[in-house]
Amino acid sequence: MIALEKVCAGIDRVQILRDVDISVEPGKLVLVLGANGAGKTTLLRVISGLVPLWSGNLLFDSKSIAGQPAHELARSGLVHVPQGRQIIPTLTVEENLVIGASHLPGITQETIARRLEAEYERFPVLKTRRSLAGGSLSGGEQQMLAVSRGLMMAPKLLMLDEPSLGLAPQMVQRILGALAGLARSGISVLLVEQKTMALEIADHAYVLKNGAIVHSAAASDIVDHTELFRHYMS
Ligand SMILES: Nc1ncnc2c1ncn2[C@@H]1O[C@H](COP(=O)(O)OP(=O)(O)OP(=O)(O)O)[C@@H](O)[C@H]1O
Ligand SMILES: [Mg+2]
């Protein structure tokens, strides 16, 4: 459903991504592992149309999306949950959830209400906190809010930039559990991480190093996580 073919991109004149080939099939959870500065955020920003493609191609449902503006891509189902969550701290939890979806052309109040209920079912803590300022939530709750805010857009592909960052292992497991459920329900998930915990739920994993893919394997084939780190991510 989404395929990157020999993608090169950079910021200003500095090249960051080098001939990156990645694909995510419908309903699959794909993990891109990379150390600090490997280019993970840049990768997601290229797919989202926030960083321009230098060369190569980006295909979404077999059609090129290179050069399409970010807001159009988001509306057509490519939804990006950014690094650091970026929820709006002064708005309530519910306002944060509604804000993105309410800009979708033709969306009805009924649809918004239905999606809201689905997110409150996914993460019940958000329902109990619905009237509180987003900024008052714990880090884990804010990450749930960021995931749910993305899902309010009804994505075909949900991209997540280090959702585990700064969270306790138990909270990471809850978030990963929700992501695994999404993939089972047919949504494609592209997750970038520095840590290997998500290998447990991934279908396929890539390792990104200095902007290039240096390893690609079915996640079930990667048995020794420590070895993977030592070999590819140092
Ligand atoms: N605005 C920018 N201008 C110049 N270089 C940048 C800019 N943003 C990032 N870079 C550089 O590009 C490289 C990749 O950055 P990127 O943020 O994509 O990495 P990352 O894998 O997401 O890192 P992290 O794990 O720290 O989030 C790094 O070397 C970084 O210093
Ligand atoms: Mg990053």
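Relative contact order for the range 86-154: what is it in percent, counting Cα pairs under 8 Å that are at least 6 residues apart?
Working: 72 pairs, mean separation 37.2, N = 69.
Taking the mean separation of contacting Cα pairs over the length of the range 86-154, I get 54 percent.
Using the crude model of +1 on Lys and Arg Cβ and -1 on Asp and Glu Cβ, and no other charge, please compute the dipole size for the chain relative to its Cα centre, in debye to 20.
On the way: 22 positive and 22 negative charges, 65 e Å.
Charge dipole of the chain: 320 debye, to the nearest 20.
Per DSSP helix of 4 or more residues, -39500 (n - 2.57); summed, then divided by the residues of the chain. What does that give at 222 nm, rounded to the nearest 500?
-9000 deg cm²/dmol
Under 15 Å between alpha carbons, and skipping anything fewer than 8 positions from Lys209 in its own chain: which aspartates and glutamates qualify?
Once the sequence-local aspartates and glutamates are set aside, what remains near Lys209 is Asp19, Asp21, Glu193.
Mind checking which lysines have their Cα closer than 27 Å to the Cα of Lys127? Skip sequence neighbours fewer than 8 apart in that chain.
Partners found: Lys156.
Can you order the peptides 10-16, 87-93 by their average number of other Cβ atoms within 10 Å per residue, highest first? Provide the component values of the computation, followed by the final result.
Numbers: 10-16: 11.0, 87-93: 17.1.
Result, highest mean first: 87-93, 10-16.
Could you derive backbone 3J(HN,Hα) for the range 10-18 from the dihedral phi with the Karplus parameters 6.51, -1.76 and 1.60 (θ = phi - 60°), listing whole Hz in sequence and x where the residue is Gly or Pro?
Result, rounded to whole Hz: x, 10, 6, 9, 8, 6, 10, 9, 10.
Connecting C-alpha atoms closer than 10 Å in a GNM of the chain, tell me which of Leu165, Leu191, Leu104 has the biggest fluctuation.
Leu104
Values in this text are rule-based calculations from the coordinates and carry no lab data. Source: prediction; values computed, not measured. For neighbour counting, all protein chains shown are included, and Cβ atoms are generated from backbone atoms with ideal geometry for every residue, glycine included.
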